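Quick note: the coordinates plus some simple rules give every number you see, no bench work behind them. From a predicted model like this one, the values you see are computed outputs, not experimental measurements.
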């Protein structure tokens, strides 16, 4: 079994490291995550990794003959109740990604 949480990966490398009957389990943040919030502040916003979507990654794995057992996407609603929270949100996201 190979697991992955948020880090980038190459499906070909995953395939080369799995044996028949093994599993690859991943949790990723899509390039569409919080797109509307980013677009709200910058109408010219361009996603950093536009190919990082469930559909595109699933197709890459299917093209390598993987059987996808479960593929789900979830984008919860988010509400901000003051300007300070909006300013704080990207700071904590940035800081958490730097520390990894």
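Listing for the model above:
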{"quantity": "Between 0 and 90°, nearest 10: helix 83-98 axis offset from the chain longest Cα axis", "calculated": "30 degrees"}
{"quantity": "Segment 5-51 and segment 61-79: distance between their alpha carbon centers, rounded to Å", "calculated": "10 Å"}
{"quantity": "On Cα atoms only, tilt of 54-63 relative to the major axis of the chain in degrees", "calculated": "10 degrees"}
{"quantity": "Sum of -39500 (n - 2.57) over DSSP H runs of 4+, divided by residues of the chain (222 nm, nearest 500)", "calculated": "-11500 deg cm²/dmol"}
